[in-house]
1. As an exercise, use a Förster radius of 22 Å and the Cβ-Cβ distance of residue 109 and residue 69 to find the FRET efficiency, rounded to the nearest 0.05.
2. Give me 34, 64 sorted ascending by neighbouring Cβ count inside 10 Å, so fewest comes first.
3. What distance in nm separates the simple spin-label points at residue 25 and residue 40, each placed 7 Å from Cα in the Cβ direction?
4. Using the charge dipole of the chain (Lys, Arg: +1 at Cβ; Asp, Glu: -1 at Cβ; taken about the Cα centre), state which of 84, 7, 44 has its Cα farthest towards the positive end.
5. How big is the Kirkwood radius of the range 60-109, worked out from every pair of different alpha carbons and given in Å to one decimal?
6. Given charges of +1 on the Cβ of Lys and Arg and -1 on the Cβ of Asp and Glu, with all other atoms neutral, how large is the dipole of the chain about its Cα centre, in debye to the nearest 20?
7. Normalise the Debye intensity by I(0) for the chain, one equal point scatterer per Cα, no solvent, then take log10 at q = 0.10, 0.14, 0.16, 0.21 Å⁻¹ and round to two decimals.
8. Straight-line reach from residue 60: which lysines fall under 29 Å, measuring Cα to Cα and dropping same-chain residues less than 8 apart?
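Each value in this text was obtained by applying a stated rule to the coordinates, not by laboratory testing. On a predicted model such as this, the values are computed, not experimentally measured, just so you know. Virtual Cβ from ideal backbone geometry, glycine too; neighbours counted across all protein chains shown.
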Amino acid sequence: MNKNGFTLIELLATITIIGIVVTMVSINISKAFEVPDDNQEIKNILEEAACVYIELNENKDLKEKCITSSCIIKSTDLIKAKLIYSDDIKDDEKIEIKWIDNKKVCTLK
């Protein structure tokens with residue numbers, strides 16, 4: 001007897017494989033169209049710039065103050081030090097610097 005067509009198992013296996021491939025492709029496509037969060041990126045830039053600013057040689061007194069207690073750096077100070085551009089920020093931001101377990105932590109306030 002000559003058998004024509006596919007068996008039910010073959011069809012189910014094929015549909016399952018196609019479903020897995022479509023799912024993987026759709027996840028990758030949706031990630032490609034995600035809009036990056038500009039606010040988070042700017043926040044990260046400001047925090048990193050403040051951490052660098054405190055390490056500059058001319059800021060030794062400020063660094064000592066920050067080690068003993070927390071201190072606040074304004075974004076205008078970062079602009080004057082040419083660590084960021086004024087175009088990067090909308091408002092006058094403040095970054096708090098403090099040491100926790102002998103590790104410098106810079107956070108946007």
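1. On the way: r = 15 Å, r/R0 = 0.68.
The formula returns an efficiency of 0.90 here.
2. Taking fewest neighbouring Cβ atoms as first place, the list is 34, 64.
3. It works out to 2.8 nm between the two label points.
4. Checked the options; the winner is 7.
5. The Cα-based Kirkwood calculation yields 11.6 Å.
6. Approximately 280 debye in magnitude.
7. Computed log10 I(q)/I(0) values: -0.49, -0.67, -0.77, -1.06.
8. 43, 74, 80, 82, 90, 94, 98, 103, 104, 109
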